[in-house]
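K.L.:
Sharing a structure, written as structure tokens. Questions coming.
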Amino acid sequence: MKKTVLILVTLFSIMTQAQENKPQVPQISVTGEGKIKVVPDRATISVGVLNTGKDSKEVKTLNDETVDKVIKFLKKSGIAATDYKTDNVSLYKNYDYEKKKYNFQASQNISITLKDISKYDEIMMGLNDVGVNSIQGVEFKSSKMEEHEREARKKAMLNAKQKAEDYVSVLGQKVGKALLITDSSQVYFPQPMYKGAMMAMASDAESAPRETLAIGEIEINATVTVSFVLD
């Protein structure tokens, strides 16, 4: 038994020493970046309805009536039922420390996917007219995100390979196959820049159409770290 253990230990030591003496594979690790900028063609709008009062039933009823008007307006505007949804509903008792009395607050948040950005002003003004009194945010998106992300990844890999070739060209070596690829890509969604507050959007029929939003661009960044073998 002792002889068997001794043999196993000896074999392990020989294998370990062989691995330690094995020559390292020449390689280079670089980071590649690929950037794509696209103009958004759709937006997700988050709006809210808020009512405050002394009676819980009254404020809840007021909120429900406004939300009903919002949904009817969206249907009338041609927004598909699958493109809007309720994100949050709340009704709670709140204490006003200044007036030293309680009141009730009812709210409901709705997110709307707008697939035609040219309707943005029309939709926002209409929402204002039917009683929406807060905007939580606007997020711009592209209907071809996957296509743009693939393009950014390809550019990142080409950039990584070019960097590696630039580094080793002065050494008389060549870049071989990739040993390891690590992805750390991200997408930047621009925040909207308002040119006027929501409550100031309404204008008379004789006024020129307003541009209330600067859309900007979506920046899609692909970042990869690649380890290449050197030939």
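The values are calculated or read from the model by the stated rules, or taken from the named source; none is laboratory data. Small disclaimer: the values here were computed from a predicted structure and weren't measured. Please note: Cβ atoms are built from the backbone with ideal geometry, for glycine as well, and neighbour counts cover all protein chains shown.
K.L.:
What number goes with the only condition from (1) modelled with pLDDT of 95 or more; (2) closer than 30 Å to K37 by Cβ; (3) not hydrophobic (A, V, I, L, M, F, W, C) that Q108 does not pass?
P.N.:
Evaluating Q108 over (1) modelled with pLDDT of 95 or more; (2) closer than 30 Å to K37 by Cβ; (3) not hydrophobic (A, V, I, L, M, F, W, C) leaves (2) as the failure.
K.L.:
Right, here's the next one. Given the structure, is V59 of a type outside the set (G, A, S), part of a strand (DSSP E or B), farther than 24 Å from I218 by Cα and outside the structural domain of N221 (by TED's automatic domain parsing)? Can you show your working first?
P.N.:
Numbers: of a type outside the set (G, A, S): yes; part of a strand (DSSP E or B): no; farther than 24 Å from I218 by Cα: yes; outside the structural domain of N221 (by TED's automatic domain parsing): yes.
In short, no.
K.L.:
Need pairs with beta-carbon distance below 9 Å; first residue closer than 14 Å to S134 by Cα and within region 84-112, second part of a loop (DSSP other than H, G, I, E, B) and hydrophobic (A, V, I, L, M, F, W, C); sequence gap 6+ or separate chains.
P.N.:
Within 9 Å, the pairs are I110/V132; I112/I79.
K.L.:
Of everything in region 52-74, what is closer than 15 Å to V132 by Cβ and not hydrophobic (A, V, I, L, M, F, W, C)? Give them in sequence order.
P.N.:
Hits for region 52-74 are N63, D64, E65, T66, D68, K69, K72.
K.L.:
In this structure, is D41 among the acidic types (D, E), under 16 Å from I112 (Cα atoms) and either free of Cβ contacts under 8 Å to residues at least 40 places away in the same chain or surrounded by 12 or more Cβ atoms within 10 Å (Cβ to Cβ) (or both)? Lay out the reasoning, then the answer.
P.N.:
Working: among the acidic types (D, E): yes; under 16 Å from I112 (Cα atoms): yes; either free of Cβ contacts under 8 Å to residues at least 40 places away in the same chain or surrounded by 12 or more Cβ atoms within 10 Å (Cβ to Cβ) (or both): yes.
It is true that D41 is among the acidic types (D, E), under 16 Å from I112 (Cα atoms) and either free of Cβ contacts under 8 Å to residues at least 40 places away in the same chain or surrounded by 12 or more Cβ atoms within 10 Å (Cβ to Cβ) (or both).
K.L.:
Restricting region 136-187 to residues that are exposed (fewer than 13 other Cβ atoms within 10 Å of the Cβ) and within 30 Å of M124 (Cβ to Cβ), which is farthest from the chain's Cα centre (by Cα)?
P.N.:
Among those residues, the one meeting the criterion is E147.
Conditions (1) at pLDDT 95 or above; (2) of a type in the set (D, E, K, R); (3) in a strand (DSSP E or B); (4) not assigned by TED's automatic domain parsing to the domain that holds G34, marked per residue:
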site: D121; (1), (2), (3), (4): no, yes, no, yes
site: H148; (1), (2), (3), (4): no, no, no, no
site: K155; (1), (2), (3), (4): yes, yes, no, no
site: K161; (1), (2), (3), (4): yes, yes, no, no
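K.L.:
Would it be correct to say that Q108 is assigned to a strand (DSSP E or B) and surrounded by fewer than 18 Cβ atoms within 10 Å (Cβ to Cβ)?
P.N.:
When the stated conditions are applied, Q108 does not pass them.
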